[in-house]
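The values are calculated or read from the model by the stated rules, or taken from the named source; none is laboratory data. On a predicted model such as this, the values are computed, not experimentally measured, just so you know. Ideal geometry is used to build each Cβ from the backbone, glycine not excepted, and the neighbour counts take in all protein chains shown. With ligands, DNA and RNA removed, areas are computed over all heavy atoms of the protein, side chains included. Shrake-Rupley method; radii C 1.70, N 1.55, O 1.52, S 1.80 Å.
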Amino acid sequence: MQLDRIGKGALSYVLLSEGEALIVDPGRHVDRYQAVLEHFGARAVGVVDTHVHADYLSGARAAASKWGVPYYLHPDDAHSPYDGAPGRFDYEPVTQGDGIAVGRATLQVEHTPGHTLGSITLVSEDGLALTGDFLFVQSIGRPDLGGRSAEWAKVLWQSLERARKRWPGELVILPAHYGSDLERRADRTVAARFDVLAATNEAAAIQDERTFLKWLADHTPVFPESYRTIKTANLGLVEVTDEEAEILEFGPNQCAIR
Ligand SMILES: [Fe+2]
């Protein structure tokens, strides 16, 4: 199930198999996910952040402790990109090649850094890829939010190159954001086949590194003030009240480059 936070353009997912559920990139309103679990009579077995978010406050840690299940995160995202301070939370590290089981399914972890150094994509056996903020239907995740844009842009290029070499055309890309309804399919899902995306997504269609890096530099919007605070809060390094969260999260996401 793709859960759409309209206004924010943020997508989270509940993957269900045999009465078990894995929740991916949940927002802080955990009741939504609880309602989905109850609707399907499913039991949560894990919660994943595809990366430490900068545009919204994650509900993953709260959900994982509420349900008594592991919180999965890539270790490269478990510390602050700004000063290296380790995040204050318990988590289950997942890296390239690891599998996360849910019911009869196994999700394969692929390390797809660039938007953050610990960004992962979850690939299911039946051809779905939850790309987080690595790759969107019509855009790509901005590499500047850690404050090291030149370095991370190159890492992003390598992730894109690896994906183009390895991912089959029929893989269905399910991102964590969208910018407009043009990124929806007829059934309103935000999704695209990888081969279609690779041909129509302006950034993902670029074939040489220098053009890609220049395109990123030319199109990256201004760094939103609140994003540093949100990321730091998601690392458990500052506390944010519900009122502050409303203000910090205001407006659509700015994780994509257009
Ligand atoms: Fe994001």
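Report, by residue number, each residue of the stretch 38-69 that is surrounded by 18 or more Cβ atoms within 10 Å (Cβ to Cβ) and either more than 15 Å from the chain's Cα centre (by Cα) or away from the ligand (no atom under 16 Å from the Cβ) (or both). Listed by number, the residues that qualify are Ala42, Ala44, Val45, Gly46, Val47, Arg61, Ala63, Ala64, Trp67, Val69.
Only one of the numbered conditions (1) assigned to a helix (DSSP H, G or I); (2) away from the ligand (no atom under 15 Å from the Cβ); (3) closer than 18 Å to Pro81 by Cβ; (4) among the hydrophobic types (A, V, I, L, M, F, W, C) is violated by Ile230, and that is (2).
Checking each residue in the stretch 52-88 for being assigned to a loop (DSSP other than H, G, I, E, B) and either hydroxyl-bearing (Ser, Thr, Tyr) or at positive phi (or both) picks out Tyr56, Gly68, Ser80, Tyr82, Gly84.
Can you name the residue in the stretch 5-28 that is away from the ligand (no atom under 16 Å from the Cβ) and open to solvent by 10 Å² or more (accessible area, probe 1.4 Å) and, of all such residues, is nearest to Glu244 (Cα to Cα)?
Taking the stretch 5-28 first, the residues away from the ligand (no atom under 16 Å from the Cβ) are 14-23.
Filter once more, so that each one left must be open to solvent by 10 Å² or more (accessible area, probe 1.4 Å): 15-20.
Details: Leu15: 30, Leu16: 33, Ser17: 36, Glu18: 39, Gly19: 36, Glu20: 34 Å.
Ranking the candidates gives Leu15 first.
Can you tell me which of Gly114, Gly127 is more than 12 Å from the ligand (Cβ to nearest atom), farther than 20 Å from His53 by Cβ, in contact (Cβ under 8 Å) with a residue 24 or more places away in the chain and open to solvent by less than 30 Å² (accessible area, probe 1.4 Å)?
On the way: Gly114 fails: farther than 20 Å from His53 by Cβ.
Gly127 is the lone residue from the list that is more than 12 Å from the ligand (Cβ to nearest atom), farther than 20 Å from His53 by Cβ, in contact (Cβ under 8 Å) with a residue 24 or more places away in the chain and open to solvent by less than 30 Å² (accessible area, probe 1.4 Å).
Selection of the stretch 70-86 for residues being out of contact with any Pro (no Cβ under 8 Å at 6 or more places or on another chain) and within 16 Å of the ligand (Cβ to nearest atom) yields Asp77, Pro81. The residues on offer are Gln158, Gln138, Gln108, and the sole one that is open to solvent by 40 Å² or more (accessible area, probe 1.4 Å) and touching a strand residue (DSSP E or B) at 6+ places or on another chain (Cβ under 6 Å) is Gln108.
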